[in-house]
1. Can you report the number of residues in the range 15-28 which are in contact with a helix residue (DSSP H, G or I) (Cβ under 7 Å, 6 or more places away or on another chain) and buried (at least 18 other Cβ atoms within 10 Å of the Cβ)?
2. Looking at C224, is it under 30 Å from G102 (Cα atoms), free of Cβ contacts under 8 Å to residues at least 60 places away in the same chain and more than 16 Å from the ligand (Cβ to nearest atom)?
3. Of all strands (runs of 3 or more DSSP E) completely enclosed by the range 1-90, which ones contain at least 2 residues that are under 29 Å from A225 (Cβ atoms) and more than 16 Å from the ligand (Cβ to nearest atom)?
Amino acid sequence: MSKYFTFSLDDGVTQDEKIIGIFKKYGFHGCTFFINTGLLGANWDHVGALYGKPGVTHIRFSEEELRSGVYDGFDVAVHTLHHPALKDYDGEPEKITHEINGDAENIKRIFGAAPVGMSYPYGEDAVTEKTIKTILETTDIRYSRGVRPTYGFDIPDDFTVWLPTCSLTDDKTIGLAEKFVKLDPKDDSLFYVWCHGYELDMFDTYGRLEDLIKLMTGAKDIICADNTEFYRLFAERNKK
Ligand SMILES: [Zn+2]
């Protein structure tokens with residue numbers, strides 16, 4: 001039985017560069033970055049104020065910055081063009097298709113590979129069964145991450161609402177990481193942590209990230225895979 005670890009970050013904000021520095025220190029590449037290519041260069045600094053941290057920036061990379069290689073060696077996937085709550089478009093499904101396929105086309109143009117995954121803007125509560133049906137029928141997206149924590153290590157049955165173990169901002173993260181390191185699983189197991197780059201500034205969790213990555217890359221029996229690599233491994237298996 002294998003143990004897998006995967007990570008993802010949403011929004012494609014400038015803090016990702018510092019985070020990648022920590023990843024590279026440990027040779028870690030198991031992260032997928034979900035980005036909004038209709039908002040490149042956008043400044044959403046109101047997000048900081050929303051959490052009572054007005055000094056924290058929320059600035060997305062520009063296309064030029066993306067092309068300079070900031071995500072080289074990492075998986076980049078869809079978070080829609082403009083970050084809408086997709087269920088608002090259930091009555092106009094062509095808008096859902098446009099938000100996803102437009103982002104996927106830009107990602108292919110900039111990074112060279114067509115994405116097969118996304119994370120839902122505002123999480124799984126911002127989609128309905130109808131939204132998911134539209135996505136499966138009109139796009140090539142085959143996995144979509146939500147936000148509600150499972151606090152568990154089960155392999156997802158349903159990749160259309162792929163729920164993570166927890167967010168890095170969650171105080172339980174390191175306890176879960178230590179539990180996962182000790183785990184002798186009866187089945188294949190997955191520890192999935194996600195976050196937004198700006199939250200590491202907001203909650204000062206760079207040290208927590210480093211502790212997590214150190215634990216995961218230091219354990220000989222844990223396989224680090226980005227979201228797309230993991231999806232491909234297990235979607236094939238689940239079909240059988
Ligand atoms: Zn987002």
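Read the figures in this text as sums done on the coordinates, not as results from a lab. Keep in mind that what you see is a predicted model, and the values were worked out from it rather than measured. Heads up, the Cβs are rebuilt from the backbone with ideal geometry, glycines too, and the neighbour counts pull from every protein chain shown.
1. Here the count works out to 5.
2. Working: under 30 Å from G102 (Cα atoms): yes; free of Cβ contacts under 8 Å to residues at least 60 places away in the same chain: no; more than 16 Å from the ligand (Cβ to nearest atom): yes.
Answer is no for this residue.
3. Numbers: elements: 3-11, 31-35, 75-78.
Ranges flagged: 3-11.
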